[in-house]
Amino acid sequence: MEKQISVLITDDEHYSREELKHLLSSFPNINVIGEAESGESAVMKTVQLQPDVVFLDVEMPKMNGMEAAKILMELKKKPIIIFATAYPQFAAEAFRYEATDYLLKPYDEEQLADTIGRISKLLTVNESTQLRPAGKLAVEEDGEILYVDPIEILYVSRDDKVTKIISKQGSFETKLPLKDLENRLSSYRFFRIHKSYIVNLDYVSKLSPWFNGAYQLELEGNSEKLSVSRNYVKALRAKLEI
């Protein structure tokens, strides 16, 4: 059975919402779970309904589609964004907000079908990536190879040419670059907070302001306070907050 895709339609014009809903009804895998008349409503209903996809008009009173998209991209669960508008001049700006597609009114049914196909493939890839385990990390110590379960890792740090893995099982060293470990742990909830640290978000217990826009982070089962660069603070908070 084809995966069902939940959709939220946002447009300040009732007729436009009805037209798009009618066109989407021809796709058996599309389930329109809500409608919004403004950018503010789109944000609120996205948080409430958790749709896979949000269709966004651009020109709307108060909060426009671009402003709404900027907020949606900071959510813990980011929806796929499709802009649907009568204004072609905003296309370049739209893709700055990670838009998957930009549809123009009146809608072209063939283009809409292409968009739905692209959404289906994107969601399938994302789902398979999330389900794929990263396996265990092989760490050499005193001539032996130890295997560390990623869910047991609290954080990983890089100091000079040595990478340290701090886990519930103890502390280990590896010559693997931090970037390589970050890629290998991408199937789990790890996040870079500093050029020298990646942390397991499941163990974050406290985030405290420090100085000059930077923060300090504390993890369960670890007494050390880790530095969070100010460039990563906003994204980190978005990952942690519901």
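The values are calculated or read from the model by the stated rules, or taken from the named source; none is laboratory data. Predicted model, so just to flag it, every value in this text is computed and none were measured. In this analysis, Cβ positions are derived from the backbone assuming ideal geometry, glycine residues included, and neighbour counts consider all displayed protein chains. Surface areas here come from the heavy atoms of the whole protein model, side chains and all, with no ligands, DNA or RNA. Shrake-Rupley method; radii C 1.70, N 1.55, O 1.52, S 1.80 Å.
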* Any chance you could give the angle, 0 to 90 degrees and rounded to 10, that helix 14-24 forms with the longest Cα principal axis of the chain? => 70 degrees
* Dipole magnitude of the chain, debye to nearest 20 (Cβ charges: Lys/Arg +1, Asp/Glu -1, about Cα centre) -> 840 debye
* **Dipole of the chain, positive direction: furthest Cα of 183, 88, 47, with charges on the beta-carbon** => 183
* Asked: So, in nm, how far is label residue 151 from label residue 234 when the simple model puts each one 7 Å beyond its Cα toward the Cβ?
  -> 3.4 nm
* Structure fact -> In order over segment 195-203: 3J(HN,Hα) from phi, Karplus 6.51/-1.76/1.60, θ = phi - 60°, whole Hz, x for each Gly or Pro, gives 4, 10, 9, 10, 10, 8, 4, 5, 10
* According to a simple spin-label model (label point 7 Å from Cα along Cα-to-Cβ), what is the distance in nm between residue 49 and residue 93? -> 2.5 nm
* Asked: Short version: ³J(HN,Hα) in whole Hz for each residue of segment 148-156, in order, from phi by Karplus 6.51 cos²θ - 1.76 cosθ + 1.60 (θ = phi - 60°), x for Gly and Pro, what are they?
  -> 9, 6, x, 5, 8, 7, 7, 7, 10
* Asked: Across segment 164-171, in residue order, what do the Karplus-derived ³J(HN,Hα) couplings come to in whole Hz, using 6.51 cos²θ - 1.76 cosθ + 1.60 with θ = phi - 60° and x for Gly and Pro?
  -> 10, 10, 9, 10, 5, 7, x, 10
* Structure fact -> Result: in segment 87-242 the number of Lys pairs with C-alpha under 12 Å apart, spaced 8 or more or on different chains, is 4
* Which of the trypsin sites (Lys or Arg not before Pro) found in segment 58-92 are in a DSSP loop and have at most 15 neighbouring Cβ atoms, other than their own, within 10 Å? -> 62, 76, 77
* To do: Find out how many positive minus negative residues lie around residue 234, taking Lys and Arg as positive, Asp and Glu as negative, among other residues whose Cβ is under 12 Å from that of residue 234.
  => +2
* Structure fact -> the chain: longest segment with zero exposed GluC sites (Glu not before Pro), where exposed means DSSP loop plus at most 10 other C-beta atoms within 10 Å, is residues 3-240
* Principal-axis tilt of helix 109-131 within the chain, Cα atoms, nearest 10 degrees -> 20 degrees
* Scan around residue 146 for amide H atoms under 5 Å from its own, H built in the peptide plane at 1.01 Å from N, and keep only partners 5 or more places away or cross-chain. => 139, 140, 141
* Name the residue, out of 84, 99, 138, whose mean-square fluctuation peaks in a Gaussian network model built on the chain with Cα pairs under 10 Å. => 138
* To do: Mind jotting down the three principal axis lengths of the chain based on Cα atoms? Whole angstrom, largest first.
  => 69, 45, 29
* the chain, accessible surface, carbon-and-sulfur percent (1.4 angstrom probe) -> 49 percent
